[in-house]
Amino acid sequence: MTKDDYPAFISAWRSAMSIYGKDLEQTTGATMFALLMHYSLDDIAEALDSHLCDPNSGQFPPKPADIVRNIQRVMNAEAGRVFDIILRRLNPYASVQFTDQRAAGAVCAIGGWQALCRINNNEIERTKARFIEAYNEAIINGAAIQWFICDNSTDYTEYNGQILKLTSGI
């Protein structure tokens with residue numbers, strides 16, 4: 001979020017708190033904004049909605065930790081789906097091409113394409129957990145992957161010293 005999102009952020013929280021018959025104090029709103037600033041306003045609004053509809057946690061007013069937990073649940077599900085797609089396409093003899101720069105960075109963070117191709121069935125869950133962590137880190141930090149252009153026609157990315165072609169595919 002940016003400082004421009006502050007009024008919409010406060011409005012969303014006030015709406016949520018009104019369901020519980022409570023008001024949001026200005027200092028509390030500012031503190032929550034600072035705590036959640038590295039998430040997008042859309043993610044926060046979705047997480048607030050999820051909290052309000054949850055039969056267990058929705059019985060109580062939302063706290064920043066509830067919102068972070070809901071955002072992480074969504075992020076983990078997305079990263080898990082991406083890993084499952086990559087797993088189905090593993091081929092050590094093929095060139096890797098990503099359209100999702102976060103997936104490219106996560107693959108590099110867990111050892112690279114060739115290392116991923118060498119995992120056995122016993123390592124899949126542990127590797128998936130490492131991939132999800134790296135993928136989510138790229139979402140939260142955003143600028144972990146740096147772009148540059150080669151040959152004026154093909155996009156490449158560098159992540160931790162490794163170069164990956166990012167054109168089509170995953």
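The values are calculated or read from the model by the stated rules, or taken from the named source; none is laboratory data. Since the model is a prediction, treat every value here as computed from it, not as a measurement. Don't worry about glycine lacking a Cβ; one is built from the backbone with ideal geometry, like all the others, and counts go over all protein chains shown. We work out accessible area using only protein heavy atoms, side chains counted, and drop any ligands, DNA or RNA first. Shrake-Rupley method; radii C 1.70, N 1.55, O 1.52, S 1.80 Å.
Results for (1) of a type outside the set (Gly, Ala, Ser); (2) in contact with a helix residue (DSSP H, G or I) (Cβ under 8 Å, 6 or more places away or on another chain), shown as yes or no for each residue.
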position: Gly29; (1), (2): no, yes
position: Leu36; (1), (2): yes, yes
position: Ile44; (1), (2): yes, yes
position: Asp49; (1), (2): yes, no
position: Pro55; (1), (2): yes, no
position: Gly58; (1), (2): no, yes
position: Lys63; (1), (2): yes, no
position: Ile67; (1), (2): yes, yes
Notebook entry, point to check: Going through segment 116-137 one residue at a time, which ones are within 23 Å of the chain's Cα centre (by Cα) and closer than 17 Å to Ala94 by Cα?
Noted result: Leu116
Next item on the list: Select from segment 42-63 the residues that are surrounded by fewer than 16 Cβ atoms within 10 Å (Cβ to Cβ) and closer than 30 Å to Gly112 by Cβ and list them in ascending order.
Entry: none
Note to self: I need the full set of residues from segment 114-138 which are in contact (Cβ under 8 Å) with a residue 24 or more places away in the chain and either of a type in the set (A, V, I, L, M, F, W, C) or out of contact with any helix residue (DSSP H, G or I) (no Cβ under 8 Å at 6 or more places or on another chain) (or both), in order please.
What the structure shows: Leu116, Cys117, Arg118, Ile124, Phe131, Ile132, Ala134, Ala138
Note to self: Being within 21 Å of the chain's Cα centre (by Cα) and among the polar types (S, T, N, Q) is the filter here; which residues of segment 12-61 pass it?
What the structure shows: Ser40, Ser50
Item checked: Qualifying residues in segment 46-74 (those that are among the charged types (D, E, K, R) and not in a helix (DSSP H, G or I)) - the one nearest to Ile10 (Cα to Cα) -> Lys63
Checklist line | Considering residues of segment 64-73 that are of a type outside the set (Lys, Arg) and open to solvent by 60 Å² or more (accessible area, probe 1.4 Å) only, the residue nearest to the chain's Cα centre (by Cα) | finding: Gln72
Margin query: Checking Ala77 against (1) open to solvent by 60 Å² or more (accessible area, probe 1.4 Å); (2) under 17 Å from Ala138 (Cα atoms); (3) in a helix (DSSP H, G or I), only one condition comes out false. Which one?
Written below: (1)
Note to self: Anything in segment 12-41 that is open to solvent by 30 Å² or more (accessible area, probe 1.4 Å), over 24 Å from Met75 (Cα atoms) and either touching a Phe, Trp or Tyr at 6+ places or on another chain (Cβ under 8 Å) or assigned to a helix (DSSP H, G or I) (or both)? List them, or say none.
What the structure shows: Arg14, Ser15, Ser18, Ile19, Tyr20, Gln26, Thr27, Thr28, Ala30
